[in-house]
Amino acid sequence: MFPLSVLYLMDADLEAFAAQLAERVELAPQFFRNNPVIVDLSQRSAGSPLDYATLYRLIKRFSMVPVGLRGGSENEKAAAAQAGFNILNDAKPGSERKAAEPPPPPAPRPTVNPTLVVDQAVRSGHQIYARGGDLVVLAPVNPGAEILADGNIHVYAPLRGRALAGVSGNTNARIFSDSLEAELISIAGRYQLSEDLPSSTTRKRVAIRLLDDKLHYDVLG
Amino acid sequence: MAKVIVVTSGKGGVGKTTTSAAISTGLALRGFKTVVIDFDVGLRNLDLIMGCERRVVYDFVNVIMGDANLNQALIKDKQLENLFILPASQTRDKDALTQEGVEKVLNELKASFDFIVCDSPAGIERGAHLAMYFADEAIVVTNPEVSSVRDSDRMLGLLSSKSRRAETGQSPVKEHLLLTRYSPERVERGEMLSVEDVQEILSIPLLGVIPESQAVLNASNSGRPVILDAESTAGQAYADAVARFLGENVDHRFLTAEKKGFLKRLFGSVA
Ligand SMILES: Nc1ncnc2c1ncn2[C@@H]1O[C@H](COP(=O)(O)OP(=O)(O)OP(=O)(O)O)[C@@H](O)[C@H]1O
Ligand SMILES: [Mg+2]
């Protein structure tokens with residue numbers, strides 16, 4: 001199990017970036033294989049626009065899993081989303097760029113986002129991200145599909161794809177499923193692939209959480 | 001009201017064109033005025049399977065570009081009064097198909113046909129997208145193997161999010177699963193997924209199971225859609241599928257391996 005890595009992009013030179021990445025990956029190929037990564041643009045010097053599609057492919061080429069992207073301007077985020085990145089909440093508070101908006105109403109705001117409820121099968125190639133909250137799926141999550149949440153993930157059906165809870169670092173996030181057949185399970189970046197999941201949990205109703213920084217599976221009766 | 005049916009799969013070579021030819025012929029045999037369109041620009045072969053390749057003068061792209069009108073491009077089937085083929089262009093490049101152009105042709109066809117069957121190219125790129133975009137119903141052709149099921153699943157996701165029905169909030173595209181090249185013997189030996197395995201993942205209604213059959217190859221070599229070969233298992237299975245498509249209740253056949261001898265006589269066909 002490896003923690004989520006963050007790749008800080010300094011400029012738009014993807015060739016140099018690829019070369020640096022290749023060097024690192026060569027040092028520890030096993031470490032990077034299937035490692036979920038977040039791309040962070042907050043330290044990037046302004047300059048020529050980035051080619052996000054190439055960046056996305058680059059990360060995949062090094063067998064890493066592009067979990068999301070954070071820290072860019074709204075324009076950059078839109079372009080990145082087009083290329084397939086999930087847009088994550090910015091890491092540093094105060095980096096939101098919404099200057100022109102009227103001051104927020106003084107009423108106390110709830111601290112959690114409403115739960116995202118999905119009642120259709122999540123099919124291969126689809127990706128669903130519950131930003132800032134929980135994700136509830138009432139239909140199967142199929143092989144090749146990916147579901148992510150900043151909070152907990154509940155799947156009241158077979159979970160056969162990839163499920164990543166607590167993707168912004170919430171180590172208290174949990175994953176629940178009626179039948180565990182997942183390709184990948186991750187909580188706050190600690191992850192396991194299907195072949196490493198305890199065999200006692202296969203096709204069982206399970207609750208998954210982090211215990212001592214490791215994924216812990218409870219089979220529910 | 002004319003219905004647009006897309007025959008699609010994601011994965012290549014699973015039997016879309018074979019199915020488009022069989023289903024459109026079957027619908028025409030049932031008395032419906034039917035046209036089948038080849039969306040596989042550059043690789044046309046629907047006309048070969050339908051046995052009309054030597055009568056192609058104008059094609060789908062010609063109509064879209066305004067070089068010919070529909071009546072000039074539509075090829076009337078030799079045997080069936082109410083069956084027509086709109087062939088693909090072999091020479092034009094894929095970008096010749098535009099969304100507006102396809103929509104215009106479909107609207108024109110809707111005025112005089114009961115069913116418009118769209119034979120999709122493989123993949124999920126432009127041609128496949130245009131073939132499914134205007135569909136009212138989809139026949140998702142799947143082979144009993146993991147990669148084909150995965151691609152069909154992907155296609156179903158696109159049908160429910162990227163079709164015009166999905167984008168404009170109409171009732172969803174009606175989905176049908178057609179399992180083709182099914183070999184009960186190989187399923188029993190564990191070399192192929194079973195009907196149940198495939199349905200568990202795709203979870204859409206089963207329109208039919210077409211067995212692996214030499215008759216399909218013979219049919220395409222002679223340019224006679226296999227559904228016209230009433231002796232063959234594949235032809236019968238396609239005829240059943242057409243009946244189910246039209247709402248009839250027909251039991252599934254050819255799901256179990258031929259059991260020879262005593263047991264077979266005792267229990268008959270279990271399927
Ligand atoms: N039930 C079947 N039994 C045996 N062979 C079959 C069957 N169905 C299809 N085939 C064979 O499989 C091959 C591919 O079929 P077909 O051309 O219909 O697939 P397709 O999905 O249209 O391919 P493409 O993606 O290239 O358009 C052909 O050689 C065809 O004869
Ligand atoms: Mg074809």
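For chain B, which span is the longest to avoid every loop-located (per DSSP) member of GluC sites (Glu not before Pro) having at most 12 other Cβ atoms inside 10 Å?
Counting only loop sites that pass the neighbour cut-off, the longest clear stretch is B:1-80.
What residues of the stretch B:128-154 lose no less than 10 Å² of accessible area with every protein chain in place versus their chain by itself (probe 1.4 Å, heavy atoms only)?
By number: B:Arg150, B:Asp153, B:Arg154.
Tell me, what ³J(HN,Hα) does each residue in the stretch A:210-217 have, in order and in whole Hz, if you take phi through Karplus 6.51 cos²θ - 1.76 cosθ + 1.60 with θ = phi - 60° and put x for Gly and Pro?
Calculated HN-Hα couplings, in order: 8, 10, 6, 6, 10, 5, 10, 10 Hz.
Would you kindly give the portion of the calculated P(r) for the stretch A:5-83 that falls above 17 Å, as a percent of all Cα pairs?
Value for the stretch A:5-83 (Cα pairs over 17 Å): 40 percent.
Measure of size requested: the Rg and Dmax of the protein assembly as shown, with Cα atoms as the atom set and Å as the unit; please supply both.
Looking at the protein assembly as shown, its Cα Rg and Dmax stand at 26.1, 84 Å.
What pairs from B:Lys33/B:Lys104; A:Lys60/A:Lys204; A:Lys204/B:Lys162 go past 22 Å between their alpha carbons?
Pairs exceeding the cut-off: A:Lys60/A:Lys204; A:Lys204/B:Lys162.
Most fluctuating residue of B:Pro121, B:Pro87, B:Pro144 in a GNM of chain B with Cα springs under 10 Å: which is it?
Judging by the Gaussian network model, the answer is B:Pro144.
Residue by residue through the stretch B:106-116, what is 3J(HN,Hα) from phi via Karplus (6.51 cos²θ - 1.76 cosθ + 1.60, θ = phi - 60°)? Round to whole Hz and write x for glycine and proline.
With coefficients 6.51, -1.76 and 1.60, one gets 4, 4, 5, 5, 4, 5, 10, 10, 7, 10, 10 Hz.
Can you work out ³J(HN,Hα) from phi for every residue in the stretch B:75-81, in order, using Karplus 6.51 cos²θ - 1.76 cosθ + 1.60 and θ = phi - 60°, giving whole Hz and x for Gly and Pro?
With the stated coefficients, the stretch B:75-81 comes to 9, 7, 5, 5, 9, 9, 3 Hz.
Would you mind pulling out the separation of the Cα centroids of the stretch B:153-197 and the stretch A:115-188, in Å?
Using only Cα atoms, the two centres lie 22 Å from each other.
What span do the alpha-carbon atoms of chain B cover on each of the three principal axes, reported in whole Å from largest to smallest?
Computed over the Cα atoms, the extents are 65, 39, 32 Å.
Can you list, largest first and rounded to whole Å, the semi-axes you get for the stretch B:1-156 by taking the square root of 5 times each eigenvalue of its Cα gyration tensor?
22, 18, 15
Rounded to the nearest 100 Å², what is the sum over both chains of accessible area buried where B meets A, with a probe of 1.4 Å?
Interface between B and A: roughly 1000 Å².
How much of the accessible area of the stretch A:116-219, probe 1.4 Å, is carbon plus sulfur, in whole percent?
After summing per-atom areas, the C and S share lands at 45 percent.
Between A:Glu23 and A:Asp212, what is the FRET efficiency for a Förster distance of 30 Å, r being their Cβ-Cβ separation, to the nearest 0.05?
So the FRET efficiency works out to roughly 0.35.
How large is the helix-only mean residue ellipticity at 222 nm for the protein assembly as shown, computed as the sum of -39500 (n - 2.57) over DSSP H runs with n ≥ 4, divided by its residue count, in deg cm²/dmol to the nearest 500?
The per-residue figure over the protein assembly as shown is -8500 deg cm²/dmol.
Taking a cut-off of 21 Å, what percent of all Cα-Cα pairs in the stretch B:71-157 are separated by more than that?
Summing the P(r) of the stretch B:71-157 above 21 Å gives 40 percent of all pairs.
If I model a spin label at B:Thr91 and A:Asp11 as a point 7 Å from the Cα along the Cα→Cβ vector, what separation in nanometres do I get?
In this crude label model, B:Thr91 to A:Asp11 measures out at 5.0 nm.
Separation between the A:Val219 and B:Gln72 pseudo-spin-labels, each 7 Å from Cα along Cα→Cβ, expressed in nm?
Spacing of the two 7 Å Cα→Cβ label points: 7.1 nm.
Using a 1.4 angstrom probe, figure out how much accessible area the protein assembly as shown has per residue, in square angstrom, rounded to the nearest whole.
Normalised by residue count, the accessible surface of the protein assembly as shown is 48 Å².
Hey, could you grab the Kirkwood Rh for the stretch B:102-244? Inverse mean 1/r over distinct alpha carbon pairs, Å, one decimal.
16.5 Å
Could you compute Rg(Cα) / (2.2 N^0.38 Å) for the stretch A:116-219, with N its residue count?
After normalising by residue count via 2.2 N^0.38 Å, the value is 0.92.
The values are calculated or read from the model by the stated rules, or taken from the named source; none is laboratory data. Bear in mind the structure is a predicted one, so any value in this text is a computation, not a measurement. FYI the Cβ positions are ideal-geometry reconstructions off the backbone, even for glycines, and counts take in every protein chain you see. Just so you know, the surface numbers come from the protein's heavy atoms only, side chains and all, with ligands and any DNA or RNA stripped out. Shrake-Rupley method; radii C 1.70, N 1.55, O 1.52, S 1.80 Å.
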